[in-house]
1. Which entries in 29/53; 6/53; 6/148 show an alpha-carbon gap greater than 21 Å?
2. Quick one: order 1, 56 by neighbouring beta-carbon count within 10 Å, fewest to most.
3. First check a/c for region 1-108, with a ≥ b ≥ c the square roots of the eigenvalues of its C-alpha gyration tensor; if it is under 1.5, answer rounded, and if not, answer prolate when a/b is larger than b/c or oblate otherwise.
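What follows is calculated from the coordinates using simple rules that are stated; it is not laboratory data. Quick caveat: nothing in here was measured; it's all calculated off a predicted structure. Don't worry about glycine lacking a Cβ; one is built from the backbone with ideal geometry, like all the others, and counts go over all protein chains shown.
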Amino acid sequence: MQGELKSEEIERLLSQNFIGRIGCHAAGKTYVVPISYAYYNNAIYAHTFDGLKVSMMRENPEVCFQTDNNHGNSNWESVIAWGTYEELKDANERNGGLQILSQRVLPHNASETVKLSSEWPFAPKSFEDIEGICFRINLKEKTGRFEKTKSQFK
């Protein structure tokens, strides 16, 4: 059975996951890249370094975001959202974004790119010492779909 996720199911999936994909488009090129994230107050928060995705989002801040749970070819759920990239340059906003990211519940064997500092799994002593770019995607529209086999309904 296939169907659309309800609003509360979309919110649950965005809140539970910490890996998603950003789709950005600039200068005639489309780029999709995985990121680690935190979802808070209708926005995706992320931390990264200068590179292609940042330069493209600076040029065209309208982006697409996708995350999913995949339990096999016929048991999955996926959310796609559209929003606007906003780089958090103000020190208070940047620290707030990094605080949101530091409060994520991550698996013990998390990738180095997910960890904000060498102090992980503990909060860093100072967010000012964390290098890189903190940004958020303010979501404007969200949609979700799923597929489940009959055995999932028992």
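1. Going by Cα-Cα distance, 6/53 fall outside the 21 Å limit.
2. Placing the least packed residue first, the sequence is 1, 56.
3. oblate
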